[in-house]
1. From the residues in region 277-297 that are part of a helix (DSSP H, G or I) and aliphatic (A, V, I, L, M), which one is modelled with the lowest pLDDT?
2. Here is a check on your reading of the model: is residue 198 in contact (Cβ under 8 Å) with a residue 12 or more places away in the chain and either at negative phi or aromatic (Phe, Trp, Tyr) (or both)?
3. Can you tell me how many residues in region 251-270 are loosely packed, with under 14 Cβ neighbours inside 10 Å, touching a residue at least 12 places away in the same chain (Cβ under 8 Å) and assigned to a helix (DSSP H, G or I)?
4. If only one of 224, 209 is open to solvent by 60 Å² or more (accessible area, probe 1.4 Å), within 21 Å of residue 182 (Cβ to Cβ) and touching a residue at least 60 places away in the same chain (Cβ under 8 Å), which one is it?
5. Out of everything in region 207-250 that is closer than 19 Å to residue 75 by Cβ, of a type in the set (S, T, N, Q) and in a helix (DSSP H, G or I), what residue ends up being farthest from the chain's Cα centre (by Cα)?
6. Taking the condition of being in contact with a Ser or Thr (Cβ under 6 Å, 6 or more places away or on another chain) and within 12 Å of residue 163 (Cα to Cα), how many residues in region 222-253 meet it?
7. Taking region 19-52 as the region of interest, how many residues are open to solvent by 30 Å² or more (accessible area, probe 1.4 Å) and either modelled with pLDDT under 85 or not charged (D, E, K, R) (or both)?
8. Please identify the pairs in which a residue from region 1-17 that is within 18 Å of residue 71 (Cβ to Cβ) and without any contact (Cβ under 8 Å) to a residue 60 or more places away in the chain has its Cβ atom under 7 Å from the Cβ atom of a residue that is among the acidic types (Asp, Glu) and loosely packed, with under 11 Cβ neighbours inside 10 Å, counting only partners at least 6 apart or on another chain.
Amino acid sequence: MTCSCPKCHAQIEVDLSKIPESGTFTPCPECKSRFWINRESYARIALKKEGKTYCDKCGKELDRIIVCAACGVMYPDYYLVQASKPPRRQVEKPDLFSFSFTLKPAATQTYNYTGYSGGGKSVDGPLKTLFVKVGVLALVALLAVGIGFFFHLRKADQQYTKNYMRALYTMKVGTDLSLSTCAKLSAEWKTNMDAGQKYAPHISEEDETRLNSIKVTTDRFMQTLNESPQKFIDSKEKLAKLYGVYTNAHALAVAPSGSLSGFTDSASKSQNDFNVSIQELKGSLPPELSAELKIAK
């Protein structure tokens, strides 16, 4: 893997087989300083504050995207290169189901029962204690059910917002790659026409595999959004509209056809439609999705 020294920015060849699981300091042959390098899971990329990341499959530098632009791997694990060893934070989870309270018994009262014999009987002691215990247990059970239902809804909303942003992000990546592929095809097409040669536009097998891989991932995320909470219905419709534009751009790149002018116009229209649709989507997001979008950025 070729990485950059955080201090002098010299390009250094690193043998990844010699990097232990816990990470290590590596000397720079140019400036003689040491820098830290270790392998991380993709799930920790959102916590990265400094340093550069490199794909653990091909060794190329990564941007903050879910796919390696060099080898096309989705959600790549990565090697982190930075000047110092990053601290490991321990996240302490609050105990949401720990409640402390005291039930103070009410003042003792006596209830009189008058039967047919005209005599009076007091109903207290064990029977009254039983009534109190049953009432307390019923109250605790209702509280437990209510709290459980509340956290179930909250967890479902959080998972929905994450899947929504994943679908939106893969859609954006897929559209950008599709339209850049169309631009490359248009340039090749025009060059051949200017030279008086016939040209049948087609993309490489590598580009097609990459585009189709992103399409499969996007479709999987869209399926997780089928059952949308009521407050997200409008946002789901906006995302579905954006998905239609993305699908058209993907089909245009994978199976180009028609004339050069028609192909170029279709690609330009797909770009404009996507820009308009994504602005409409961002402008109508509810607070939960807006907050998740800021985190995703």
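The values are calculated or read from the model by the stated rules, or taken from the named source; none is laboratory data. If you're wondering where the values come from, they're calculated on a predicted model, not measured in any experiment. Neighbour counts run over all protein chains shown; Cβ positions are idealised from the backbone, glycine included. Note: areas computed on protein heavy atoms with side chains; ligands, DNA, RNA excluded. Shrake-Rupley method; radii C 1.70, N 1.55, O 1.52, S 1.80 Å.
1. 296
2. On the way: in contact (Cβ under 8 Å) with a residue 12 or more places away in the chain: no; either at negative phi or aromatic (Phe, Trp, Tyr) (or both): yes.
Spelling it out, it is not the case that residue 198 is in contact (Cβ under 8 Å) with a residue 12 or more places away in the chain and either at negative phi or aromatic (Phe, Trp, Tyr) (or both).
3. Counting residues in region 251-270 that are loosely packed, with under 14 Cβ neighbours inside 10 Å, touching a residue at least 12 places away in the same chain (Cβ under 8 Å) and assigned to a helix (DSSP H, G or I) gives 0.
4. Numbers: 224 fails: within 21 Å of residue 182 (Cβ to Cβ).
Going through 224, 209 in turn, just one is open to solvent by 60 Å² or more (accessible area, probe 1.4 Å), within 21 Å of residue 182 (Cβ to Cβ) and touching a residue at least 60 places away in the same chain (Cβ under 8 Å): 209.
5. 209
6. Residues meeting the conditions: 1.
7. So in region 19-52, the residues open to solvent by 30 Å² or more (accessible area, probe 1.4 Å) come out as 20-22, 24-25, 27, 29-32, 34, 39, 41-44, 46-52.
Still in the list and also either modelled with pLDDT under 85 or not charged (D, E, K, R) (or both): 20-22, 24-25, 27, 29, 31, 41-44, 46-51.
Of the residues in that region, 18 qualify.
8. 2/13
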